[in-house]
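Taking it in order: structure first as structure tokens, then the write-up.
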Amino acid sequence: MTISFRYKSVERPDKTLVKTPSIPILLKGKEVFETIGLMDSGADISAMSKDVAELLGLDLRGKKEPAFGIGGKVDSVETKVRITIEKGHEQYTFLIPVKVILGQYDFPVLLGRAGFFEKFIICFDEEKEKISLKRNTNK
């Protein structure tokens, strides 16, 4: 079955609005947090801020490693988080690896390829401003 979501309007720091391929997600650690995740096909792995990880009660005692992105090199810790995506009667829940970006950074949860993209066949429809996810039955 395929589930589709409309792109979400996001306000940039300069106050302009841009439509992004973002989907509603539920993250679960020791606590549960409902938020919007930005689909990031350029990210090797999902990422979240330290604030979100602490809110979820995730284990951040792992080895500190550099993470690289558009903002350059930052310190991070890799952990796992349970994620749920649902729409209508369709619901998918699985554990994904995530880099927790240490320090004070404000950014949306980024959904990257490892552990997430591989679970779906994903279609970005820029013209219709829509994203579709079809469960990959081979994974």
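Just so it is clear, none of the values below were taken in a lab; they were calculated from the coordinates. Owing to the predicted nature of the structure, the values given are computational and were not obtained by experimental measurement. Note: ideal-geometry Cβ built from the backbone for every residue, glycine included; neighbour counts use all protein chains shown.
Okay, here's what the table says:
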quantity	calculated
For q = 0.21 Å⁻¹, Debye-computed log10 I/I(0) when each Cα of the range 2-135 counts as one equal scatterer	-1.37
Mean Cβ neighbour count within 10 Å, used as a protection proxy, ranking 5-18, 90-103 highest first	90-103, 5-18
Pairs beyond 20 Å (Cα-Cα), from Lys30/Lys87; Lys19/Lys80; Lys80/Lys119	Lys30/Lys87; Lys19/Lys80
Reachable aspartates and glutamates from Lys63, criterion Cα separation under 13 angstrom, eight or more residues apart if same chain	Asp75, Glu78
Sites Glu126 and Asp44, calculated FRET efficiency, Cβ-Cβ separation with R0 25 Å, nearest 0.05	0.65
Karplus-derived 3J(HN,Hα), 6.51/-1.76/1.60, for each residue of the range 20-30, Hz, glycine and proline x	10, x, 10, 10, x, 9, 10, 9, 10, x, 6
C-alpha center-to-center spacing [the range 5-48, the range 86-123] in angstrom	9
